[in-house]
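So the structure is just underneath, and the comments pick up after that.
The values are calculated or read from the model by the stated rules, or taken from the named source; none is laboratory data. Source: prediction; values computed, not measured. For neighbour counting, all protein chains shown are included, and Cβ atoms are generated from backbone atoms with ideal geometry for every residue, glycine included.
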Amino acid sequence: MKKKENPKLVFCRSNRLYDYGFGLVDAILSITLLSGIITYGVYFSSLRLGTVHSSNLIRSVNKEIERDIERLKLDLWSLFYSQNDGKYEFSKFECDEIASNIINLPSWNTQSNSSGQMIQSWRPGEERSKVFTGNKVLITRELSISSPIDNESLNNSIGTLNYRVEWGSENKHWLSIDLTAEAHSWCEQII
């Protein structure tokens, strides 16, 4: 009777043993490499998604602040304009003290705050952008008044708007702009 040979083992001429198939070491090594590749794939995908979300958030906040500034500019240009006479009518006090003019603008009053405040905040809704779902972003604008030169005897005709944005654990100063009634030479007419 002939002895049956193991089909997995084959001897070559040089008396070396060759194994056709995976052994325990090969299986462990393959599983380790596969799990490493999957882990790095998930890690880099989450980094990419975080970067995309952050860039969408920054772009949406910039657009929201830009819309707010455009509304304020439009209201400032229409301030003191008489449609009946077709010219601007104002007093010297209105050029010297710009704070009360800005605070009383229709676009200054947000839904969440009453008029007369120098600091106002609002949460843009998801109708503005999908990034704003869940009311996670808070935009705050603050009005500070100063004179053209650091001299107390001069008028307070420059208003600085400071925008801050909060989301998650972040609270960042976003933008500062200066507003003045002298933008189209109103105050030069009254001397």
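The table below lists the values:
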read-out: Test result for ILE190, at pLDDT 75 or above, in contact with a helix residue (DSSP H, G or I) (Cβ under 7 Å, 6 or more places away or on another chain) and not hydroxyl-bearing (Ser, Thr, Tyr); value: no
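Residue-wise test of (1) under 14 Å from ASP68 (Cβ atoms); (2) surrounded by 14 or more Cβ atoms within 10 Å (Cβ to Cβ); (3) modelled with pLDDT under 85.
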| position | (1), (2), (3) |
| --- | --- |
| LEU105 | yes, yes, yes |
| SER112 | yes, no, yes |
| LEU138 | yes, yes, no |
| LEU154 | no, no, yes |
| HIS173 | no, no, no |
